[in-house]
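We did not get these values from a lab; they are worked out from the coordinates using the rules stated. Being a predicted model, the structure only gives us computed values, none of them experimental. Every residue, glycine among them, receives a Cβ derived from its backbone with ideal geometry; neighbour counts consider all protein chains shown.
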Amino acid sequence: MIKLLILVSLISFKAHAKLQVITTTTNLASLAKYIAGDHVEVKSLCLGVQDPHFLEAKPSYIFKLSKADLLISVGAGLEVGWLPLIIQGSRNPKIREGQMRHLVASDFVELLEARPVDISRSQGDVHPEGNPHFMLAPSQSIKVGKAIMDRLVLIDVKNQSTYENNFLTFKNQILEKAKLWKHIKDKKIKVVSYHKTLSYFYEEFGIQNVDVLEPKPGIPPSASHIIGLIHRMKKENVKKIIVENYFDETVAKRIQREIPGIIIEIVPVAVEGSKSVDDLFDLYNYLIKKIGA
Amino acid sequence: MKPIIFVILLLSHFSVQAQTSMFKNKGNQFNPAIGLNAMMLMQDSQVDSEGDGFSLQGVELQFNSDVDAYFRAQIVVGIHPEEHEDEHEEEGEEEHGPGYEVHPEEAYVETTSIDGVTFKAGKFLSQFGKYNAVHLHAQPFIYKGVVQEYMFGHEGFGSVGVSASFFIPSNWFSEITIEALQPQNEELFEESHHATAYVAKLKNLWDLSHSLTLEWGISGLDYKRKAYNDNKEESTSLVGSDLTFKWRPTKDGKSSSAIWSTEYIKKKRDGTVESDNGGITSFIRYQFKPRWFGQIQHEYLGINKSKDEESSHASTVLMGFVPSEFSAIRLQYDIVKSNEDEDEKRVSLQFNVSIGAHPAHTY
């Protein structure tokens, strides 16, 4: 009994050489790595090829969170199906929601498609707080990057200048890239997407998302919905279908048979979601190349 | 005395973090999250026809919320059909259809602000084994299996008490749970206010790859009550071990997945009731389309049993259709062969729905 209690008392003693930052998605992990540099070890729970809506509350995630010095989540209901259970199981009170060491990125951006009233589950997997996929817009990643920098400074003030310099470098690189990407807006591109994952990206680059393949968020496409969609795509002269790579492209291919010449682009929407996408800049470049070309 | 001193020492070592939320408040967050599960059933049995036809198998109403900066509370209220009392019929009472009983399945408070350990107090389902703490709506099959029913009874082993759970320092997920519970379960104890049942569980989980996990748990229950006045000495001991593989590919993980789970439990009672029996349950679940899965299970009760104990084999197949994470339709066929009763064959169709704020299920 005595030995057991001594053992329990030891588990609160945690000695890490570096700050341990856990993010829920690889996009947040990539951003955190830019800001934190070498002072911090950053790991993502969700892999780039996984849909973060549907992660399972694996005990191995609980184990990772039990050692975390900072948790960065997306928020806006994206992780509601699994993250609360993992936080609860981690027995790490520092990272509970509302605590300083749990940064909810959606608190720092203005969310699109917010529907705080008149919603029910009959409308599918709706997010009343708003669309949680804001990291796909470069300008939004600057806002989140600033929030991460501020939070790291609060936790680890001795490296304040490193975090501030890293953030400035990241921000300037995005702003430089934005000049190169500016011309996309003039193209007046029209697309149809599987899910509303790219709403922020589309808004940033003036791309019109005419419709989505899902009749409602999280609900697989039905035959009647697809018939209506084909009619609309022809009428609007849509040339591309964008399928996020964790969704099934079968329906897009069916539409392609009905509208010859239409292009299907299967795109990653997260860092490490594809072999050539190792960080946020790779991801933005990839999306610009495939959707904005 | 020594354990008390060490508990005080332990608590003083933890950094209690109960700071006020420093970020924006989201309006109605003070209300408890309320979720409701309802299970509707159609059943046809060859032998025991008491539950045949359409019925409401149960309703589970869940409330959970932070109590304050230190505690979280969970209450689960179950509404289930009353079990028929034979003496009512003998007394000639007229029946007016099935009645329902309402009872708290769980009502507990647990700590949220202590680093490294969770203390829990109240009424809760014991963590013994892999499936005892799983509510009926989340059980892998429509009914609890014959081994679970034999070991813990229809409602499982839930009682009032306290527990502590914590991680063992290691490179993988390794968690110990220790419970001290009031002995309130007729399948396990002669009810007493003069003794306590103790449960210990070790749960380990390894990520064999990003797609595959291995979970292994061992559990033990010990209960002893000394003889007093005219009451005999009572004792119950249970040991259990469970092994579960779960596979879900990282890509296309919404379309296919698989689980293979096996649990062994051995129970020995001495005193007013003398029994010694063990059982094993093993099932495979395979998801072959985004909304479809099939399951197969075999159970054997009677491992190392004493002479007069029950022995049975139960085989089950199930096909499930899950339109969304909030509804499921499951068709199940069971065959139970027992040394005590006639062979039972039963077909069941269940519609299981979840409304409101339904918390995530444990892995």
Next item on the list: Return the Rg/Rh value of segment A:17-179, two decimal places, where both radii are evaluated on C-alpha atoms and Rh is the Kirkwood radius.
Entry: 0.97
Notebook entry, point to check: Using helices alone, what [θ] at 222 nm do you get for chain B, with -39,500 (n - 2.57) per DSSP H run of 4 or more residues, divided over all residues and rounded to the nearest 500?
Noted result: -2000 deg cm²/dmol
Notebook entry, point to check: D for segment B:193-318, whole µm²/s, Stokes-Einstein with Kirkwood Rh over alpha-carbon pairs at 4 °C and 1.567 mPa s: what number?
Noted result: 75 µm²/s
Notebook entry, point to check: Relative contact order for segment A:155-293: what is it in percent, counting Cα pairs under 8 Å that are at least 6 residues apart?
Noted result: 19 percent
Note to self: Spelling out what I want: for every residue of segment B:296-303, take phi, set θ = phi - 60°, compute 6.51 cos²θ - 1.76 cosθ + 1.60 (Karplus), and round to whole Hz; glycine and proline get x.
What the structure shows: 9, 9, 10, 10, 9, 10, x, 6
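Can you give the helix-only mean residue ellipticity at 222 nm for chain A, where every DSSP H stretch with n ≥ 4 adds -39500 (n - 2.57) and the sum goes over all residues, rounded to the nearest 500 deg cm²/dmol? Can you show the working numbers first?
Numbers: 10 runs with 117 residues, N = 293.
It lands at -12500 deg cm²/dmol.
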Checklist line | Backbone HN-Hα couplings from phi across segment A:62-73 [Karplus 6.51/-1.76/1.60, Hz, Gly and Pro as x] | finding: 4, 4, 5, 5, 5, 9, 6, 8, 8, 10, 10, 10
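If you take the C-alpha gyration tensor of chain B, multiply each eigenvalue by 5 and take the square root, what semi-axes do you get, largest first, in whole Å? The partial results should precede the final answer.
Details: eigenvalues 210, 164, 107 Å².
Largest first, chain B gives 32, 29, 23 Å.
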Item checked: Reach of B:Lys123 by Cα under 17 Å, taken over lysines that are not fewer than 8 positions away in the same chain -> none
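Can you list the chymotrypsin sites (Phe, Trp or Tyr not before Pro) in segment B:169-266 that are in a DSSP coil and have 15 or fewer other beta carbons within 10 angstrom? Display every interim value, and only then the final one.
On the way: sites: B:Trp172, B:Phe173, B:Phe189, B:Tyr198, B:Trp206, B:Trp216, B:Tyr223, B:Tyr228, B:Phe245, B:Trp247, B:Trp260, B:Tyr264; in loops: B:Trp172, B:Phe189.
Listed in order of number, the matching sites are B:Trp172.
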Margin query: When only alpha-carbon atoms are used, what values of Rg and Dmax, in angstrom, describe segment A:156-240?
Written below: 19.2, 60
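Net charge within 15 Å of B:Phe189 by Cβ-Cβ distance, Lys/Arg positive one each and Asp/Glu negative one each, not counting B:Phe189 itself? Kindly include the intermediate steps, with their values, before the conclusion.
Details: positive: B:Lys224, B:Arg225, B:Lys226, B:Lys232, B:Lys267, B:Lys268, B:Arg269; negative: B:Glu155, B:Glu179, B:Glu186, B:Glu187, B:Glu190, B:Glu191, B:Asp222, B:Glu233, B:Glu234, B:Asp270, B:Glu274.
Result for the local shell: -4.
Averaged over every viewing direction, what's the projected area of the C-alpha convex hull for the protein assembly as shown? Give it in nm², one decimal, please.
33.5 nm²
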Next item on the list: Mind pulling up the Rg/Rh value for chain A? Radius of gyration and Kirkwood radius, both on Cα.
Entry: 1.02
Checklist line | Cα-based reach from A:Lys33 at 17 Å (exclusive), listing lysines while leaving out same-chain residues under 8 positions away | finding: A:Lys18, A:Lys43, A:Lys143, A:Lys146, A:Lys171
Margin query: Check which residues have an amide H placed less than 5 Å from A:Gly218's amide H, if you skip close sequence neighbours.
Written below: A:Asp125
Note to self: For segment B:246-346, what does the convex hull of the Cα positions come to per residue, in cubic angstrom?
What the structure shows: 126 Å³
Next item on the list: Please provide three numbers in whole Å: the alpha-carbon extents of segment A:182-291 along the principal axes, with the largest listed first.
Entry: 39, 29, 24
Item checked: From the C-alpha gyration tensor of segment B:234-301, square roots of 5λ in Å -> 37, 11, 7
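Going by C-beta contacts inside 10 Å, put B:Asp230, A:Asp211 in order with the fewest on the left.
Going from least to most buried by this count: B:Asp230, A:Asp211.
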Next item on the list: Could you work out which residue, out of A:Ser120, A:Ser90, A:Ser30, moves most in a Gaussian network model of chain A, that is, has the largest mean-square fluctuation with Cα springs under 10 Å?
Entry: A:Ser120
Checklist line | Coarse-grained scattering of segment A:114-158 at q = 0.24, 0.31 Å⁻¹, given as base-10 log I(q)/I(0) from a Debye sum over alpha-carbon atoms | finding: -0.83, -1.01
Check: Given springs between every Cα pair under 10 Å in a Gaussian network model of chain A, which of A:Lys216, A:Lys64, A:Lys158 has the largest fluctuation?
Finding: A:Lys158
Check: Sequence-distant or interchain residues sharing an amide H contact under 5 Å with A:Glu129, placed H: which?
Finding: A:Arg115
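Taking 8 Å as the Cα distance limit and 6 or more residues as the minimum spacing, I'd like the relative contact order of chain B as a percentage. Mind dumping the intermediate values first?
Values: 864 pairs, mean separation 47.7, N = 363.
With pairs under 8 Å counted, the relative contact order is 13 percent.
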Check: With a sphere of radius 15 Å drawn around the Cβ of B:Gly271, what net charge do the other residues whose Cβ falls strictly inside it have (Lys, Arg +1; Asp, Glu -1)?
Finding: -4
Next item on the list: Step through the residues of segment B:228-243 one at a time and calculate ³J(HN,Hα) from phi using the Karplus curve (6.51 cos²θ - 1.76 cosθ + 1.60, θ = phi - 60°), rounding each to whole Hz and writing x for Gly and Pro.
Entry: 8, 6, 9, 8, 6, 6, 10, 8, 9, 9, 10, 10, x, 9, 9, 9
Check: What residue among B:Thr250, B:Thr111, B:Thr213 has the largest mean-square fluctuation in a Gaussian network model of chain B, using Cα springs under 10 Å?
Finding: B:Thr250
Notebook entry, point to check: Which of the lysines could a cross-linker bridge to A:Lys187, judged by Cα under 17 Å and excluding same-chain residues fewer than eight apart?
Noted result: A:Lys179, A:Lys239, A:Lys240, A:Lys289, A:Lys290
